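See structure below.
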Amino acid sequence: MTFLSTDLRDTRHAPAYSLPDAAHYLRMPVATLRSWLSGRWYPAGGKKRRSQRLIRLDDPTGKYLSFINLVEAHVLAGIRRHHGVKLPKVRRALEYVQRHFDVERPLIDQAFQTDGLDLFVEQYGHLINASREGQ
């Protein structure tokens, strides 16, 4: 595997961790991490649909996680495990922040707050409920 020099590429984005290694470091099941990285199939109205991924891999081959991906997964695990926010609300909050604040990596670039039910972001001194599309 070859990487660009550090002058041309931020090494934090370099693919470095296999899925099993990353899951081990994060102390989570491989299947959970895989679903966050690639989405999950679920039944919807008699059809199967795939949910959107929560974390975009930096590796163009889709096999390895970068350090940034590892940090994103760590933040997501904290939101889920320690704060108990349900995945559909996390998904809505991440999509809302990406759309309305033009943030590519909300888990890294945005400071979220929670009440254990929803995720909030602060904008111009006001808390916005990102899990409920800004309500």
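The values are calculated or read from the model by the stated rules, or taken from the named source; none is laboratory data. Since the structure is predicted, the reported quantities are computational estimates derived from the model, not experimental observations. A quick note on method: Cβ atoms are made from the backbone with ideal geometry, for glycine too, and the neighbour counts reach across all protein chains shown. Ligands, DNA and RNA are excluded from the accessible area calculation, which covers all protein heavy atoms including side chains. Shrake-Rupley method; radii C 1.70, N 1.55, O 1.52, S 1.80 Å.
Data table
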quantity	calculated
Amide H contacts of residue 123 (H built 1.01 Å from N, under 5 Å, at least 5 apart or other chain)	128
Accessible-area order (highest first, 1.4 angstrom probe) of the listed residues 133, 122	122, 133
Average accessible surface area per residue within the chain, 1.4 Å rolling probe, Å²	64
Residue 103 accessible area, assembled protein chains, probe 1.4 Å, Å²	20
Residue 27/residue 126 FRET efficiency (R0 35 Å; Cβ-Cβ; nearest 0.05)	0.50
Expected 222 nm ellipticity per residue - DSSP helices of 4 or more, -39500 (n - 2.57), all of the chain, to 500	-11000 deg cm²/dmol
Unit charges at the beta carbon, dipole of the chain: most positive-side option, 36, 11, 25	36
Cα shape, the chain, gyration tensor, a/c 1.5 rule	oblate
Carbon + sulfur, % of accessible area of segment 26-135 - ligands and nucleic acids excluded, 1.4 Å	51
Normalised contact order of the chain, rounded percent, pairs of Cα under 8 Å and 6 or more residues apart	18
Label-reachable residues, segment 108-135, where backbone N falls under 15 Å from a point 7 Å from residue 82's Cα toward its Cβ	108, 111-116
Ordering of 14-22, 124-132 by packing [mean C-beta count within 10 Å, highest first]	14-22, 124-132
Relative contact order (percent, whole number), segment 73-121, Cα cutoff 8 Å, 6+ residue spacing	39
Accessible-area ranking of 118, 109, 102, largest first, probe 1.4 Å	102, 109, 118
